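Asks: Pasting in a structure now, in structure tokens, and then I'll have a few things to ask.
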Amino acid sequence: MLLKSLQKTDIDLFYLVNSGVKNPFFDFLTIFISDTVYIYILLISYFSFKNDRKVLIQVLFAMFLLSILVFAVKYWISEPRPYEMLEGVILLKNMGTQPSFPSGHTTIAFGFWIIFTRNIKNSINLDSKKSFKIMLLLLWAFLVAFSRIYVGVHFPHDVLGGMLIGVVFGYIFIRFSEKIIK
């Protein structure tokens, strides 16, 4: 009974975000956010850590490992995408038949946010400019999560799972890398 109720809530939330009033600018913006996740990570990493090659490589390596983890979890769970199971999905971006859970874009965005935050805090001192960057990056990660539902390619539980996996992976990666460096 609880599982059915959670599934219904998930579907209702999906339709609330995906089937609402569409706006050409917002449609473009959410597609743009979804399409540029990996490019943003590369650019932010490069421009934030270009003077510390070790950190830059560490961040990019973490994102590579997280991508492999997401791919493995997707195919292990093998859940269909919303447009493969529901009627009336407004699909702004086709993702083919790759499994839905977890949202890879969301997982990567939140994993990157955790690892970026840790590395930017470690660089000299945390000032208001760095704090602003951290908050802006967190807002961006939430927009990535929202965009994945809005464009019709993920359920809310896909993005929530992605957030959790990304954050947990980020903390584990940080702890593991700190032990190796020491």
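Asks: Out of curiosity, is Leu138 under 20 Å from Phe32 (Cα atoms), modelled with pLDDT of 90 or more, surrounded by fewer than 20 Cβ atoms within 10 Å (Cβ to Cβ) and in contact with a helix residue (DSSP H, G or I) (Cβ under 8 Å, 6 or more places away or on another chain)?
Replies: For Leu138, the condition - under 20 Å from Phe32 (Cα atoms), modelled with pLDDT of 90 or more, surrounded by fewer than 20 Cβ atoms within 10 Å (Cβ to Cβ) and in contact with a helix residue (DSSP H, G or I) (Cβ under 8 Å, 6 or more places away or on another chain) - is met.
Asks: Also, quick follow-up: Name the one entry in Ile172, Ile120 that is open to solvent by 50 Å² or more (accessible area, probe 1.4 Å), among the β-branched types (Val, Ile, Thr) and on the phi < 0 side of the Ramachandran plot.
Replies: None of the other options fit; the residue is Ile172.
Asks: Restricting attention to helices (runs of 4 or more DSSP H) lying wholly within region 1-52, give those where 2 or more residues are in contact with a Leu (Cβ under 9 Å, 6 or more places away or on another chain) and more than 17 Å from Leu143 (Cβ to Cβ).
Replies: So the answer is 2-18, 37-49.
Asks: In addition: Identify all residues within region 154-182 that are part of a loop (DSSP other than H, G, I, E, B) and touching a helix residue (DSSP H, G or I) at 6+ places or on another chain (Cβ under 7 Å); write none if there are none.
Replies: Once the filter is applied, which keeps residues that are part of a loop (DSSP other than H, G, I, E, B) and touching a helix residue (DSSP H, G or I) at 6+ places or on another chain (Cβ under 7 Å), region 154-182 yields His154, Phe155.
Asks: Next question, about the same structure. Quick check: anything in region 96-116 free of Cβ contacts under 8 Å to residues at least 12 places away in the same chain and over 24 Å from Leu164 (Cβ atoms)?
Replies: Yes, because at least one residue in region 96-116 is free of Cβ contacts under 8 Å to residues at least 12 places away in the same chain and over 24 Å from Leu164 (Cβ atoms).
Asks: Residue pairs, Cβ under 9 Å, 6 or more apart or interchain, first in region 46-61 and at pLDDT 90 or above, second basic (Lys, Arg) and in a loop (DSSP other than H, G, I, E, B). List them.
Replies: Every condition considered, the pairs that remain are Leu56/Lys50.
Asks: Same structure again: Could you list, in sequence order, all residues of region 43-67 that are over 14 Å from the mean Cα position of the chain (by Cα) and either of a type in the set (Asp, Glu) or open to solvent by 70 Å² or more (accessible area, probe 1.4 Å) (or both)?
Replies: Leu43, Tyr46, Phe47, Lys50, Asn51, Asp52, Arg53, Lys54, Ile57, Phe61
Asks: May I ask you to say which residue of Pro99, Pro80 is at pLDDT 90 or above, open to solvent by less than 30 Å² (accessible area, probe 1.4 Å), out of contact with any Gly (no Cβ under 8 Å at 6 or more places or on another chain) and part of a loop (DSSP other than H, G, I, E, B)?
Replies: After applying the criteria, what remains is Pro99.
The values are calculated or read from the model by the stated rules, or taken from the named source; none is laboratory data. Bear in mind the structure is a predicted one, so any value in this text is a computation, not a measurement. Ideal geometry is used to build each Cβ from the backbone, glycine not excepted, and the neighbour counts take in all protein chains shown. Heads up: the accessible areas ignore ligands, DNA and RNA and are worked out on the full protein's heavy atoms, side chains in. Shrake-Rupley method; radii C 1.70, N 1.55, O 1.52, S 1.80 Å.
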